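Participant: Here it is, the structure in full.
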Amino acid sequence: MALTSLLESVRDIGVEPHGNITSVHGAVQDTTERHRLLKTLAESEERFRQIAESIDDVFWMATTDRSTMLYVSPAYERVWQSRLHHLYESPKSWMDSILDEDRPAILQANEPNLRQGWTVEYRIRRPDGSVRWILDRAFPVFDAQGEVIRIVGVARDVTEQKEAENNLLIALDQVQRSNRELEDFAYVASHDLQEPLRKIKVFSDRLDARSDEFDEKGRDYLSRISRSAERMQTLIRDLLGYSRVATRAEAMRQVSLDQILTDVLNDLEVAIGDAQASIERSPLPVVTGDPRQLQQLMQNLLENALKFRRPKTASRIRVFSRSERTSVQILVEDNGIGIDEEFVERIFRPFQRLHGKGEYPGSGIGLAIVKKIADRHGAQIEVLPTPGGGATFCVTFARAGG
């Protein structure tokens, strides 16, 4: 086999009195493997350098006491806005940028956790005055005897993440304030607003008992007062239902939608009979949810199907499910008047009515409640095209336990 690299070591040279070399004693060693390992090491170091210098995070390597920086990636200059050579000359100068109130966390994290490593967050103030959040992770490197010989770490600028978290907290606080306002409204609606309406209804009923004392116009006015009070009571009741989706929610648990459907059909038995509706049902799955709210969702969808039926046409309603790998769909299909495509988004907003009160009664908030319940459950609701007319509402839930 040909030698690719040789190392010759001369140990003894024989020389005659006239200066002629008579003999040479030495050793010739094949260093092919050593050169191969050196080449492999150089290639590995080059790959490391390319990775370390191309990522946005700051990769660093230091002695255990952090007195010497063995390596720091160029990203340091962008994140800290400071020159690398200054850090190598003064290995602890990176701490000069740390805000005073965050320094105790750094000192507390380092020493006690030398063998386990540590993760710490802190803020730095850069030369331009901007403040950046840093997530710094450090890991020990051990020798063959199990002793820590150096520390390596990765420092990441997480300012944008922190700002997003802060914005999320602000939004959450706004939601909580909105919920408190809804609770306040619910209290007002259930007490302060309902009481005057009850009195209007009571006195209207008393006047109605003496309606023979009024002329036709008087009886018409009395009827209008009574109907208006009833509509206001319905509106307040529906508004309370809408607000309580958030304010009176129960804990999520495993719920059988099949049992929910059975209960709802029992509750709507009279309405189903009045509509002369036929109900076709298939087995429904178990989902994770609030039982009371899921019953309200199912009831509102069925009431919607019963209400918006075609005149002089027997109502047919089908409730079934479709299963996907990570989700299940609950579908309520009817043969009613259907929904024009231009209105499919609008119908889920509160108080949206596509028809006059004379045609189809109601407050226009039933489907808004359905949408709000679906949102709370992380579900999606949509209206699907229905061959032959009618409407199909589809609610997609994440599969229970999936």
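The values are calculated or read from the model by the stated rules, or taken from the named source; none is laboratory data. Treat the numbers as computed from the prediction; the structure is a model and nothing was measured. In this analysis, Cβ positions are derived from the backbone assuming ideal geometry, glycine residues included, and neighbour counts consider all displayed protein chains.
Every residue, every condition in (1) at positive phi; (2) at pLDDT below 90; (3) among the acidic types (Asp, Glu), yes or no:
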| residue | (1), (2), (3) |
| --- | --- |
| Met232 | no, yes, no |
| Arg244 | no, yes, no |
| Ile260 | no, no, no |
| Gln276 | yes, yes, no |
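Participant: Sticking with this structure for a sec: Residues of region 253-271 being crowded, with 19+ Cβ neighbours inside 10 Å and part of a helix (DSSP H, G or I), which ones?
Facilitator: Leu257, Ile260, Leu261, Val264
Participant: Quick one: would you say Ser327 is among the hydroxyl-bearing types (Ser, Thr, Tyr) and either more than 33 Å from the chain's Cα centre (by Cα) or modelled with pLDDT under 90 (or both)?
Facilitator: Numbers: among the hydroxyl-bearing types (Ser, Thr, Tyr): yes; either more than 33 Å from the chain's Cα centre (by Cα) or modelled with pLDDT under 90 (or both): no.
Judged against the criteria, Ser327 is not a match.
Participant: Here's another thing I want to ask about it. Scan Ile134, Ile106, Ile170 and give me the residue that is β-branched (Val, Ile, Thr) and modelled with pLDDT under 90. Before the answer, list the steps.
Facilitator: On the way: Ile134 fails: modelled with pLDDT under 90; Ile170 fails: modelled with pLDDT under 90.
Selected residue: Ile106, the only one of Ile134, Ile106, Ile170 that is β-branched (Val, Ile, Thr) and modelled with pLDDT under 90.
Participant: Scan region 211-252 for residues that are of a type in the set (Asp, Glu) and in a helix (DSSP H, G or I) and jot them down.
Facilitator: Listed by number, the residues that qualify are Asp212, Glu213, Glu216, Asp220, Glu230, Asp238.
Participant: Which condition breaks for Glu181 when tested against (1) under 29 Å from the mean Cα position of the chain (by Cα); (2) assigned to a strand (DSSP E or B)?
Facilitator: With (1) under 29 Å from the mean Cα position of the chain (by Cα); (2) assigned to a strand (DSSP E or B) applied to Glu181, the lone miss is (2).
Participant: Of everything in region 142-161 that's without any contact (Cβ under 8 Å) to a residue 60 or more places away in the chain and out of contact with any Leu (no Cβ under 9 Å at 6 or more places or on another chain), which residue is surrounded by the most Cβ atoms within 10 Å (Cβ to Cβ)? Don't jump to the end; show me each part of the working.
Facilitator: Our first condition is that a residue be without any contact (Cβ under 8 Å) to a residue 60 or more places away in the chain; within region 142-161, this holds for 142-147, 158-161.
Pick out the ones that are also out of contact with any Leu (no Cβ under 9 Å at 6 or more places or on another chain) and you get 142-147, 159-160.
Details: Phe142: 11, Asp143: 9, Ala144: 6, Gln145: 6, Gly146: 7, Glu147: 11, Thr159: 16, Glu160: 10.
Out of the qualifying residues, it is Thr159.
Participant: Also, quick follow-up: If you go through region 206-261, how many residues are closer than 25 Å to Arg349 by Cα and of a type in the set (Asp, Glu)?
Facilitator: 3
Participant: Still on this structure, I have one more. For region 143-201, name all the residues that are farther than 30 Å from Val58 by Cα and of a type in the set (Lys, Arg).
Facilitator: If the condition is that a residue be farther than 30 Å from Val58 by Cα and of a type in the set (Lys, Arg), then Arg177, Arg180, Arg198, Lys199, Lys201 are the ones that fit.
Participant: Would you be able to tell me the number of residues in region 52-94 that are part of a helix (DSSP H, G or I) and either buried (at least 18 other Cβ atoms within 10 Å of the Cβ) or among the aromatic types (Phe, Trp, Tyr) (or both)? Spell out how you get there, then give the answer.
Facilitator: Of the residues in region 52-94, the ones part of a helix (DSSP H, G or I) are 52-54, 75-80, 84-89, 93-94.
The next check asks that each one be either buried (at least 18 other Cβ atoms within 10 Å of the Cβ) or among the aromatic types (Phe, Trp, Tyr) (or both); those that pass are 52, 75-76, 79-80, 87-88, 94.
Summing the residues that are part of a helix (DSSP H, G or I) and either buried (at least 18 other Cβ atoms within 10 Å of the Cβ) or among the aromatic types (Phe, Trp, Tyr) (or both) in region 52-94 gives 8.
Participant: Looking at the structure I just gave you, is Val332 outside any helix (DSSP H, G or I), in the same structural domain as Lys371 (by TED's automatic domain parsing) and either at positive phi or buried (at least 20 other Cβ atoms within 10 Å of the Cβ) (or both)?
Facilitator: Values: outside any helix (DSSP H, G or I): yes; in the same structural domain as Lys371 (by TED's automatic domain parsing): yes; either at positive phi or buried (at least 20 other Cβ atoms within 10 Å of the Cβ) (or both): yes.
Yes, satisfied.
Participant: Quick one: Gln299 ticks every box in (1) farther than 17 Å from Asn266 by Cβ; (2) outside any strand (DSSP E or B); (3) over 26 Å from the mean Cα position of the chain (by Cα); (4) of a type outside the set (D, E, K, R) bar one, so which box is it?
Facilitator: All conditions are met except number (1).
Participant: Right, something else. Residue check, Asp173 against (1) within 23 Å of the chain's Cα centre (by Cα); (2) touching a residue at least 24 places away in the same chain (Cβ under 8 Å); (3) in a helix (DSSP H, G or I), all met but one. Which one?
Facilitator: Of the numbered conditions (1) within 23 Å of the chain's Cα centre (by Cα); (2) touching a residue at least 24 places away in the same chain (Cβ under 8 Å); (3) in a helix (DSSP H, G or I), the odd one out for Asp173 is (2).
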